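Following: one structure in structure tokens, then a few remarks.
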Amino acid sequence: MSGALAAGLAGCSYLPFGGGVPYGSVSLPGSEPPRFRQWVPSESAFEPHVDAEQSGRIRYKRPGVGNRSVGRPFRINDTALASDMEHVGIGYTEYDAVVHNGSAIVGLTSVDRESVASALEPTGYERTDTHRGYDRYTRSDKPRALAVGDEAIVAARADGTEPRELAVGRVTTTIDAKAGRVERRHESDDDFRVLTEMTGGRPSVRTSLPLTGLGEPSHSALSHAFDEDNVYVVVDHVYASAADRPDESTVRDALADTFDGPALLLPSEPDAVDIETDGRTLSIRIRQGVESYLERVWAERPPLVTFGVEFDGDRVTFTHEAGEPIPASRLGIRPEYGFDGGDPFEGGGTFEPGDSVTLTLTDDADESYIVSWQSAGETHHSLFEYHLGARDENKTSARR
């Protein structure tokens, strides 16, 4: 079973399927073109702004599509995307689409710039300049940059130990890619071009999630599509050559092991599984009824919140500047050591705009601290992380 795929679907419940794999023809619903790749710069264009930890991991989601297609929320990919977003006065499901290109995140919708400016007013963001028609905002406590256009919000962050210019560069390069002013990844990486033509603009796409036992694809993706009655889960692989692609017998063996595994990463009771190979590509298409599939998917979307942070070398203070109120019982600090006292969120109530918690650090303080949020399924997700850096040198203020 693929550890990569398991990590990508954390927060979703999948049960093992017994009794053999039901192979049969699976015809996928029509798909839009992969327009999300217009927002994905080539690796060379992103240098030196690329986020090395996330490079290559592309996530795309149309937040409202599950509601419209099957009458209820479909939240796969929402957790990963919402965790990287802040409050700008636009609700998550108000976005037509959300794209994370590995270093910056883009929310696509019709934008009221005055409303966004009003939502940013109580935060540490300050309007600094413009770029290709976008109003650009930055802040320094945790280096972040935000650009507001008529049809998109583009945002990026950097670690506390990295310069703010790194976040600005990620936003700028992403905007330049959409404008065609820098090379896009599908224009420089033919394997990525092939992969995104396979996925198209399905409602949910996440790359770099290979299925185990199927060799070493150069690129891979997990995507989802819908019609009124079914959910379609698709695993796409692109290999360096046709010789590197496993044959259908090998794929069937790998799928048999996957479906017999203790914690299944694919639909638990598929109606049909189809394998399609062509040259150096492999596509595994799985169909399952809407009701039986979605009742097992319990992923809960994290709240959209803008946090501020102040650090004076001895104390670090996290402030809820704007966004959704959060039950304090859902919040925590990780790691749970390196500061005086217990959990600062204990005591119940609601953590809402204007509220703060302060950690008085001890000699065994960690290098970074996370404000974490716990879903109803008791999975913890990072809402905000701050790297302390050198405690004697890295003293910051959200209003600096």
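Taking the options Asp159, Asp135, name whichever one is in contact (Cβ under 8 Å) with a residue 24 or more places away in the chain and of a type in the set (Asp, Glu).
So the residue among Asp159, Asp135 that is in contact (Cβ under 8 Å) with a residue 24 or more places away in the chain and of a type in the set (Asp, Glu) is Asp159.
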Inset, instruction - For Ser382, state whether it is touching a residue at least 60 places away in the same chain (Cβ under 8 Å), of a type in the set (S, T, N, Q) and either within 29 Å of Gly89 (Cβ to Cβ) or surrounded by fewer than 17 Cβ atoms within 10 Å (Cβ to Cβ) (or both). - result: yes
Inset, instruction - For segment 173-205, name all the residues that are within 18 Å of Gly133 (Cβ to Cβ), without any contact (Cβ under 8 Å) to a residue 60 or more places away in the chain and either not in a loop (DSSP other than H, G, I, E, B) or not assigned by TED's automatic domain parsing to the domain that holds Glu43 (or both). - result: Ile175
Legend entry - Selection within segment 162-172 - charged (D, E, K, R) and without any contact (Cβ under 8 Å) to a residue 60 or more places away in the chain: Glu162, Arg164, Glu165
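From Gln374, Gln288, grab the single residue that is touching a His at 6+ places or on another chain (Cβ under 8 Å) and either outside the structural domain of Thr138 (by TED's automatic domain parsing) or loosely packed, with under 14 Cβ neighbours inside 10 Å (or both).
Exactly one residue qualifies, and that residue is Gln374.
Each row is one residue, and each column tells you yes or no for (1) of a type in the set (Asp, Glu); (2) assigned to a loop (DSSP other than H, G, I, E, B); (3) closer than 25 Å to Glu126 by Cβ.
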site	(1), (2), (3)
Phe74	no, yes, no
Glu86	yes, yes, yes
Val99	no, no, no
Val111	no, yes, yes
Inset, instruction - Name the single residue, out of those in segment 275-328 being of a type in the set (S, T, N, Q) and modelled with pLDDT of 95 or more, that is nearest to Ser83 (Cα to Cα). - result: Thr306
Legend entry - Condition met for Gly332 (in the same structural domain as Glu269 (by TED's automatic domain parsing), of a type outside the set (Asp, Glu), farther than 18 Å from Leu120 by Cβ and surrounded by fewer than 20 Cβ atoms within 10 Å (Cβ to Cβ)): no
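The values are calculated or read from the model by the stated rules, or taken from the named source; none is laboratory data. Since the model is a prediction, treat every value here as computed from it, not as a measurement. Reconstructed Cβ throughout: ideal geometry from the backbone, glycine too, with neighbour counts over all protein chains shown.
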